[in-house]
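Accompanying notes for the structure given below.
The values are calculated or read from the model by the stated rules, or taken from the named source; none is laboratory data. Predicted model, so just to flag it, every value in this text is computed and none were measured. Note: ideal-geometry Cβ built from the backbone for every residue, glycine included; neighbour counts use all protein chains shown.
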Amino acid sequence: MLVMGIESSAHTFGVGIVEEGRILSNVKDMYQIKDKGMIPNKVSLHHLKCADKVIKEALEAAGIRPDQLDGIGYTMGPGLGPCLQVGMLSAKAMAHALGIKIAPVNHAVGHVEIARAYAGLDDPLVLYVSGGNSQILKISQDKFRHYAVLGETFDMGIGNMLDTFAREIKLLPAWGSSVEKAAAGGRYIELPYTVKGMDFSFSGLLTRLIELSGREKREDLCYSLQETAFSMLCEATERALLLTRSHELCVCGGVAQNTRLRSMLAHVAAEHGTRFGFGPNEFNADNGGMIAFVAEKILKAGKSVGLNDCVVKQRYRIDEAEVF
Amino acid sequence: MDYGAILGKGAEADIYSFTAFGTEMVVKVRNPKAYRIAQIDNSIRRARTKKEARIMAHAAGIGVRVPRVFALGTFSIYMEMVKGKNANLLEEKELASRRVLGSAGEMLGMMHSSGIVHGDITPANIMVSGNGIYIIDFGLAEMSRSVEDMGVDLLLMERSVSKNGFGLFLEGYKGSNASSGNVLKRLEEIKRRGRYQNRSLD
Ligand SMILES: Nc1ncnc2c1ncn2[C@@H]1O[C@H](COP(=O)(O)OP(=O)(O)O)[C@@H](O)[C@H]1O
Ligand SMILES: [Mg+2]
């Protein structure tokens, strides 16, 4: 099968093409964040403007013609309504023009499944760390096959926490990675540490960091922020590892690009003889390839939706999505 | 320090077994975690060890079945050995026939009624022995009357067992906690809340 996937849930408009589980191309255009976060309507306008170009580039990079496509996937959610709409619209237009099937995809499932495939893991415990989300996941067969949430943040996702703080201390984008760079050479300052079983909370940590931001050195704050927040994630993950007795651990999502977090998780895994892996950064950042990858599986399972039944769902939880 | 045979490994601690004066005991040692820096690691291990021993004594005092604590070190707790298995190693059928989840629910109800929140109540921290169950692992416990904290306890349990299993757990819980209605209401609220949100505008 030859399937295209379109991702548009946040600042990235991405298009990927997959053939039998192999990514042929993965092209993206990112809305350039100024300093105010992102305004959904501006971002969706950006997506609308670049959609045609990115789709064309993805086809060219894959070396295929549109009429060779067997199906198309789009991110149904979670994400920003106006942005999701653009991806859905593009998918519908293509499906209409080419007479091919449509598969709606859960964004988080995309990150998890592609990372799992690249890491060569079968049934791992997953730490999914992105902007709005931070969750510990494991496949469950309860009722239907899906990723069950074992633990998650009580308030904000770790990515948003890092970004908010980065903006507060006037670091330039890309926020998450700029905190990592600024942490070099820092010293430890005690910060609030909140883990409840397999859940955790970042808001107290962020509030304290902002309080301290005028008084303490930037590198000390960034260093302590990373050490504290990542230790929390590792602790909750280790607990889930013990509970589920998983032999595999996978990290994915935007913050999975952080090398300090990866090395800490590698320690956790090694301690329990657990295999540990992650996917290439290009798939930890938002991308269309992962959407194509999951869409192909959905279509192969014989599931698709009609042109008139396509929807977007801003709060589409990962545990509501069937996984094939 | 060499504690002898390793009996179990939890997420936070290693458990070693030994015999003293003819009594089989275990020592729960919070060994350093290689993933986190020493400053964070030491303060967490020290604080949790102290709190765990204190709250275990408290729980025992109100009739919750916990291993008896014999001695306390900086990072270690010496306690009675429970002869049995962790509940997460048992099949659903066996859990049901031995009334494991029902009595665990009953014990959590007693704890909540007396202002103890467990903080990590999952089948991994319930031990099933020949003469009934034991609640272990009070490292994340708190003395707290907060309905929110109690709701989180229930949430943790709900996510770690089957639907049916949680039903059994709740039967026990309601029987021993007169204010269980409030906690259950809060549980539903927590589940509906922003934490189940997804991507935000930033
Ligand atoms: N008193 C005890 N008797 C026998 N086994 C125990 C006892 N306490 C703990 N264990 C075993 O050791 C494991 C880890 O102990 P636990 O207190 O849960 O530590 P952690 O905080 O690391 O999860 C338990 O799951 C159990 O199998
Ligand atoms: Mg335990």
Output the residue which, of all residues in the range A:297-324 that are without any contact (Cβ under 8 Å) to a residue 24 or more places away in the chain and closer than 19 Å to A:GLY87 by Cα, is farthest from the other protein chains (Cβ to nearest Cβ).
-> A:ASN308
Is it the case that the range B:42-54 has a residue that's away from chain A (no Cβ under 14 Å), surrounded by fewer than 19 Cβ atoms within 10 Å (Cβ to Cβ) and within 21 Å of the chain's Cα centre (by Cα)?
-> yes
Note: among B:ILE116, B:ILE77, just one is among the β-branched types (Val, Ile, Thr), closer than 25 Å to B:VAL27 by Cβ and within 16 Å of ligand 2 (Cβ to nearest atom), namely B:ILE77
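Residues checked against (1) part of a loop (DSSP other than H, G, I, E, B); (2) surrounded by 22 or more Cβ atoms within 10 Å (Cβ to Cβ); (3) on the phi < 0 side of the Ramachandran plot; (4) over 15 Å from the mean Cα position of the chain (by Cα):
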| position | (1), (2), (3), (4) |
| --- | --- |
| A:MET290 | no, yes, yes, no |
| A:VAL294 | no, yes, yes, no |
| A:ILE298 | no, yes, yes, yes |
| A:VAL312 | yes, yes, yes, yes |
| A:ARG315 | yes, no, yes, no |
In the range B:176-202, the residues that are among the hydroxyl-bearing types (Ser, Thr, Tyr) and modelled with pLDDT under 50 = B:TYR196, B:SER200
Selected residue [at pLDDT 95 or above, surrounded by 18 or more Cβ atoms within 10 Å (Cβ to Cβ) and out of contact with any helix residue (DSSP H, G or I) (no Cβ under 9 Å at 6 or more places or on another chain)] from B:VAL100, B:VAL82 = B:VAL82
Within the range A:186-195, can one find any residue that is within 12 Å of chain B (Cβ to nearest Cβ), under 19 Å from the mean Cα position of the chain (by Cα) and outside any loop (DSSP other than H, G, I, E, B)?
-> no
Give the residue, chosen from B:GLU12, B:GLU24, that is within 11 Å of ligand 1 (Cβ to nearest atom) and more than 25 Å from A:HIS267 (Cβ to Cβ).
-> B:GLU24
If we only count helices (runs of 4 or more DSSP H) wholly inside the range B:88-193, which ones have 2 or more residues that are within 16 Å of ligand 1 (Cβ to nearest atom)?
-> B:100-113, B:147-160
Residue ID - nearest to the other protein chains (Cβ to nearest Cβ), chosen from residues in the range A:204-258 that are within 16 Å of ligand 1 (Cβ to nearest atom) and outside any helix (DSSP H, G or I) | A:ARG245
Test result for B:ILE40, among the hydrophobic types (A, V, I, L, M, F, W, C), away from ligand 1 (no atom under 12 Å from the Cβ) and not in a loop (DSSP other than H, G, I, E, B) = yes
For residues in the range A:220-266 being β-branched (Val, Ile, Thr) and away from ligand 2 (no atom under 16 Å from the Cβ), which is surrounded by the fewest Cβ atoms within 10 Å (Cβ to Cβ)?
-> A:THR259
Could you grab me the full set of residues in the range A:140-185 that are assigned to a loop (DSSP other than H, G, I, E, B), of a type outside the set (D, E, K, R) and within 29 Å of B:LEU156 (Cβ to Cβ)?
-> A:GLN141, A:PHE144, A:PHE154, A:MET156, A:GLY157
Filter result (within 24 Å of A:LYS196 (Cβ to Cβ), of a type in the set (Val, Ile, Thr) and within 12 Å of ligand 1 (Cβ to nearest atom)) within the range B:44-87 = B:ILE44, B:THR49, B:VAL66, B:VAL69, B:ILE77
Could you identify the single residue in A:MET232, A:MET198 that is modelled with pLDDT of 95 or more and under 21 Å from B:ALA11 (Cα atoms)?
-> A:MET232
Residue in the range B:123-144 that is surrounded by 17 or more Cβ atoms within 10 Å (Cβ to Cβ), more than 16 Å from ligand 2 (Cβ to nearest atom) and away from chain A (no Cβ under 14 Å) present | no
